[in-house]
1. Write down the Kirkwood hydrodynamic radius of the chain, to one decimal in angstroms, obtained as one divided by the mean of 1/r over all alpha carbon pairs.
2. Convex hull over the alpha-carbon atoms of the range 57-97: what's its volume per residue in Å³?
3. Past the 19 angstrom mark, what percentage of all C-alpha to C-alpha distances in the range 3-78 do you count?
4. Just to confirm the filter: which trypsin sites (Lys or Arg not before Pro) across the range 1-94 are DSSP coil and have at most 14 other Cβ within 10 angstrom of their Cβ?
5. What FRET efficiency comes out for the pair LEU117/ALA183, r = Cβ-Cβ distance, R0 = 51 Å, nearest 0.05?
6. Please label the shape of the range 216-285 as rounded, prolate or oblate, based on the square roots a ≥ b ≥ c of the eigenvalues of the alpha-carbon gyration tensor (a/c under 1.5 means rounded; beyond that, a/b larger than b/c means prolate, else oblate).
7. Provide the per-residue ³J(HN,Hα) series for the range 99-113, in order, calculated from phi with Karplus coefficients 6.51, -1.76, 1.60 and θ = phi - 60°, each as a whole number of Hz, with x at glycine and proline positions.
8. In deg cm²/dmol, rounded to 500, what helix-only [θ] at 222 nm does the chain give when every DSSP H run of at least 4 residues adds -39500 (n - 2.57) and the total is split over its residues?
Amino acid sequence: MTTTAIRLRTLIGDHCDAPASGITPATCFADLPGWSSLAALRLFTALEESFGISLDLRCYLAITTVAELTEVVTTELGDRPMIVDLTLPFGTRFPTHPANKPAEVEVTESHADAGCLARRWHLDEHSGTHVDAPIHFTAGGKPMDEIPAAHLMLPAAVLDVRSSSPHLRERSVTAAHIRAWEAEHGPLPGRCALLALTGWTAAMIDEFGQPTPAYDRDPCWPGFTPEAITLLREHRPQVIAIGIDAPSLDSTTAEDAGSPAHQQWLGGDRYGIENLHGLQQLPPIGATITVGALRLQGGSGAPARVLAILPATTTRIPEEDER
């Protein structure tokens, strides 16, 4: 299934109170449980915003099946690349790492008093979706402002480990996972980012950047195992960055043992990206990520807006319920 098709399926499910897994090309909109004229108009607006396209409302309202809508959207997109946001929304209720304090924000100017809005944030460098700079665990490593710009736009290899365990905390990336990925997709690309899809942020943080009930029950997370880091550092020098959809490169257990993934990986030009989100929308290979991190002088890390760019026809990773 193409990236266009899966994004359409997700949008339709969100606006029609239907599970995305049950929506197929043959699905008729009139048969969906939440379909109504209001749902149709909301979906129309969401399609234009999500895909950055302009649709003819009369033609849109004449569409009856998902297949017809997919064809219209694909035609409108043409050869334009698709943009996928891999960044979690961030606010004062974002579930912070235990080492950090909750963020605070204050209004310094308001529309009522000053004719404009300005706010002052108080937050740690390692807040929300963010970068770990080489200096974070390595004295003498590069700080945020010295990471080469060329290293902030990289081909992405997405490693899906969701099927490795039914328990989120046990889905850490191993050397065997990396070798299995290479056996299926070939060598890791030159000068790339290896991104681990565990499913943690999807289960633990909602669309508003707030913790879900699952987070309250068991907030422990997976990470990169020491043997995975050793393989990458010693035998895969083309990997510039590693990232994960979890709060840390190290699992909760590994952090208690001294954070070996951080200790071994960070240094030189190598950096990490934590709290990614939406990696399931990317293919195993073929996307390019841009890491829009603040260029903080001497920074050990910085919040980042991470975007992925990929062709509209690219095949993405299947959802957990499809495998």
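No value in this document is a laboratory result; all are computed from the given coordinates. Quick caveat: nothing in here was measured; it's all calculated off a predicted structure. Because the Cβ atoms are built from the backbone with ideal geometry, glycine has one as well, and the counts that use them run over all protein chains shown.
1. Details: mean 1/r = 0.0476 Å⁻¹.
Taking the inverse mean of 1/r over all distinct Cα pairs, the chain comes out at 21.0 Å.
2. On the way: hull volume 6.4 nm³, N = 41.
Spelled out: Cα convex hull of the range 57-97, divided by residues, is 155 Å³.
3. Numbers: 638 of 2850 pairs.
More than 19 Å apart: 22 percent of the Cα pairs in the range 3-78.
4. Working: sites: ARG7, ARG9, ARG42, ARG58, ARG93; in loops: ARG93.
Sparse-neighbourhood loop trypsin sites (Lys or Arg not before Pro): ARG93.
5. Working: r = 53 Å, r/R0 = 1.04.
After rounding to 0.05, the efficiency reads 0.45.
6. On the way: a/c = 2.12, a/b = 1.15, b/c = 1.85.
The shape class here is oblate.
7. Result, ordered by residue: 7, 10, 8, x, 5, 10, 9, 9, 7, 9, 9, 10, 4, 5, 9 Hz.
8. On the way: 11 runs with 92 residues, N = 323.
Calculated at 222 nm, the ellipticity per residue is -8000 deg cm²/dmol.
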